[in-house]
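Right, one structure below, let's go through it.
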Amino acid sequence: MIVVTGATGNVGRTLVRLLVEAGEPVTAVSRKITEADVPQGVRVTAADLGDPASLRSAFDGADALFLLISGDFVAAADDPGGAVAGVLDDAKAAGAGRVVLLSSQGVVTRPHSSSHGDTGRGIEDAVRRSGMDWTILRPGGFNSNTYAWAESVRSGRTVAAPFGDVGLPFIDPADIAEVAAVVLREQGHTGQVYELTGPALTTPRQRAEAIGEALGEPVRFVEQTRDEARGQMLQFMPAPVVETTLAIIGEPTPAEQRVSPHVEQVLGRAPRAFADWARSNAAAFR
């Protein structure tokens, strides 16, 4: 049995489907999940990492765990690493011998950021000390971050974003899910840390253009100032996260702009391009 936390998210939903298609028994975990959210035959558990007792029944019969740590969990926990260690103890006690953690590239590229490096490192350390076979996935930016543009594209065929010509190798969440499915099911990945990126750098201006091409209509790009972007982001993100995010998308380090070979090494194919993601998800922008 493979337990998937964050089972209704951009990565988890696809991961559950891939595991079921591969014939694996799956328990899907999310705070507000129902049987309608998952393929037939998947066991569902409505639970929250912040309430370890609610998770214990999900671990019954578990062999492996896909662990996704939400921002809400991190914000609520006094010691996120310690809280995760308790969850892992419960999973191990129930019989789970393998854990795959969805971490973040920022653990190494922003080591002194409280919202990325410090917290992420504590969670990764808990996984390493769990006594389970572990693998850590560190993606950079997600293609699905551009869903934030969906309303303005639908209403006015316009995208407003800062740093219009700064490129980052955003990744398709489906590629993350495929890597996770392989790592959960196959041997040879214990103790590995995989950095996951797309195949090339893309800029906000290029991503807006790709969405327009997927729609068959031009999408106008309007470049925001840093202050304009900060004001918008503060409406839904804590200030430290906003500042780190602006630094990553505005002044990325060489490591944050490096295209990683790990997706291709694990899957035997190149990661999908942003244009592929835009075509597959064009309905969200229509």
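The values are calculated or read from the model by the stated rules, or taken from the named source; none is laboratory data. Please read all numbers here as calculations on a predicted model, not as lab measurements. Every residue, glycine among them, receives a Cβ derived from its backbone with ideal geometry; neighbour counts consider all protein chains shown.
Odds and ends about this structure:
- Pairs, first closer than 16 Å to Val84 by Cα and free of Cβ contacts under 8 Å to residues at least 40 places away in the same chain in the stretch 125-150, second outside any loop (DSSP other than H, G, I, E, B) and hydrophobic (A, V, I, L, M, F, W, C), C-beta under 8 Å, six or more apart: Arg128/Trp134
- Of the candidates Glu256, Glu186, Glu264, the single residue that is among the acidic types (Asp, Glu) and more than 26 Å from Asn281 (Cα to Cα) is Glu186.
- Qualifying residue in the stretch 171-181 (condition: closer than 17 Å to Pro252 by Cβ and of a type outside the set (D, E, K, R)): yes
- Yes/no for Glu213 being among the acidic types (Asp, Glu) and either at pLDDT below 95 or surrounded by fewer than 20 Cβ atoms within 10 Å (Cβ to Cβ) (or both): yes
- Filtered residues of the stretch 248-261 (kept if part of a helix (DSSP H, G or I) and buried (at least 18 other Cβ atoms within 10 Å of the Cβ)): Ile248, Ile249, Glu256
- Qualifying residue in the stretch 103-125 (condition: aliphatic (A, V, I, L, M), within 25 Å of His189 (Cα to Cα) and surrounded by fewer than 23 Cβ atoms within 10 Å (Cβ to Cβ)): yes
- Only a single item in (1) assigned to a loop (DSSP other than H, G, I, E, B); (2) touching a residue at least 40 places away in the same chain (Cβ under 8 Å); (3) in contact with a Gly (Cβ under 7 Å, 6 or more places away or on another chain); (4) of a type in the set (Gly, Ala, Ser) is not met by Ala96, and it is number (3).
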